[in-house]
Structures are given as structure tokens and as C-alpha cells.
Amino acid sequence: MSNRVWHITTLAEWQAAQAAGFYQSANFTQEGFIHCSYSHQLLTVANRFFHGQDGLVVLLIDSTKIERMLVNENLEGGVELFPHLYGVLPNNAVSKAITLSCNPDGSFNLPQELQI
């Protein structure tokens, strides 16, 4: 497992998390986990689920700080596995929040800081 996973959220949700001391996605209560991605999945996830949205940030998460709550799985029946965090995300596990800007056509490019 990679030492880093990524999560896309809104700047407003991340700011609320900073005040609360932990992050919990808007759909956490309904789903029971936080959707995350590995680096090679991030751009596909952004374009599929966040197309046309502004005000987003990518949280860089140190998975060693949440390891026992992180499960690799695919709940849609595909073969590609995605990391899911079964618990709230403590703020100390987030090493950085990077702005994810939307292109005029609604698509995304990885910010320079995330290009590997």
C-alpha cells in the first residue's frame, strides 16, 4: 500500500474540519466511509465525480496515520481497488491541502504539486 492517499473535497468542508479537528465527508453518515484515491486514480475521480465544480481541494493524507481504518476495495463491481477510510480523518493525517481548479470546459488537470 502506498504511504499516501488523496481525497477531494470542498474548501468549505476542509475549513470546517480544521475548526472541528477532524474531517468527515458530507456523505459519511450515509456511506460509513470516506472515498479516497491513489495518485494514478486522482484525475479520473476528479473528472468523473466533480466535473464542473469549483472551490475544491485535494487532501494529501499520510496513510500510516490511518492505516488500520483504510480498506482497499471496489464497491461498484469493477476490478480496480480504491482506498476507503472507515472512520473520520484526523487532521494530523493530512499533510497538505492543494487547490484543485476547474478548467473552463469543466475538466481538471492535476495541479503542478501533484504531478508525478
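The values are calculated or read from the model by the stated rules, or taken from the named source; none is laboratory data. Worth saying up front: this structure is predicted, and the values here are computed from it rather than measured. Cβ sites come from the backbone with ideal geometry, for glycine too, and all protein chains shown count toward neighbours. All accessible areas refer to the heavy atoms of the entire protein, side chains included, with ligands and DNA or RNA removed. Shrake-Rupley method; radii C 1.70, N 1.55, O 1.52, S 1.80 Å.
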Counting only residues in segment 62-111 that are touching a helix residue (DSSP H, G or I) at 6+ places or on another chain (Cβ under 6 Å) and part of a loop (DSSP other than H, G, I, E, B), the one farthest from TRP6 (Cα to Cα) is identified as SER107
The number of residues in segment 84-104 that are open to solvent by less than 40 Å² (accessible area, probe 1.4 Å) and either over 15 Å from the mean Cα position of the chain (by Cα) or of a type in the set (A, V, I, L, M, F, W, C) (or both) is 7
Here the residues within segment 19-40 that are under 20 Å from GLU76 (Cβ atoms), part of a helix (DSSP H, G or I) and open to solvent by 60 Å² or more (accessible area, probe 1.4 Å) are GLN30, GLU31, HIS40
With criteria (1) in contact (Cβ under 8 Å) with a residue 60 or more places away in the chain; (2) buried (at least 17 other Cβ atoms within 10 Å of the Cβ); (3) more than 13 Å from the chain's Cα centre (by Cα), LEU43 comes up short on (3)
Worksheet item: Residues in segment 73-83: is at least one farther than 23 Å from ASP105 by Cα, under 10 Å from the mean Cα position of the chain (by Cα) and in contact (Cβ under 8 Å) with a residue 60 or more places away in the chain?
Response: yes
